[in-house]
1. Suppose we filter 49, 115, 67 for residues that are over 15 Å from the mean Cα position of the chain (by Cα) and over 20 Å from residue 7 (Cβ atoms); which single one remains?
2. Do any strands (runs of 3 or more DSSP E) entirely within the stretch 1-111 hold 1 or more residues that are surrounded by 16 or more Cβ atoms within 10 Å (Cβ to Cβ) and on the phi > 0 side of the Ramachandran plot, and if so, which?
3. Given the residues 127, 119, which is the only one that is surrounded by fewer than 16 Cβ atoms within 10 Å (Cβ to Cβ), in a helix (DSSP H, G or I), modelled with pLDDT under 90 and touching a helix residue (DSSP H, G or I) at 6+ places or on another chain (Cβ under 7 Å)?
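The values are calculated or read from the model by the stated rules, or taken from the named source; none is laboratory data. Because the structure is predicted, anything quoted here is derived from the model rather than measured. Every residue, glycine as well, gets a Cβ built from its backbone with ideal geometry; the counts of neighbours run over all protein chains shown.
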């Protein structure tokens, strides 16, 4: 995937909707692609996490106790443990083969510093979830 494809993908994800084009280019350069096989544990609950992930291809399951939900293309995870600097709140498992765009902890913080709209979006989502107003 080249930079233009990454930028086009980022533009379709609500968290990046208000980010200027030049900043999207910088973010796209920071992103790496990570691939996981079916049932691979990507993040384990109550363990450390140092990466912000965006689902690029495939699906992942979010497992919290007995509750399971599925994230699809454009969904993201890992932000809670990074923002709150704590252990992961859920186990994330590949549901089939999956490709993820990954942003290291250091790059994640650099992106938030340069793009307050992303921080505002994450704050809103943490407070209100997926509710529609």
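1. Details: 49 fails: over 15 Å from the mean Cα position of the chain (by Cα); 115 fails: over 20 Å from residue 7 (Cβ atoms).
Of 49, 115, 67, the one residue that is over 15 Å from the mean Cα position of the chain (by Cα) and over 20 Å from residue 7 (Cβ atoms) is 67.
2. Details: elements: 32-36, 41-43, 51-64, 67-71, 91-104.
Because the criterion is at least 1 residues that are surrounded by 16 or more Cβ atoms within 10 Å (Cβ to Cβ) and on the phi > 0 side of the Ramachandran plot, the strands (runs of 3 or more DSSP E) in the stretch 1-111 that meet it are 51-64.
3. On the way: 127 fails: touching a helix residue (DSSP H, G or I) at 6+ places or on another chain (Cβ under 7 Å).
When all the criteria are applied, what remains is 119.
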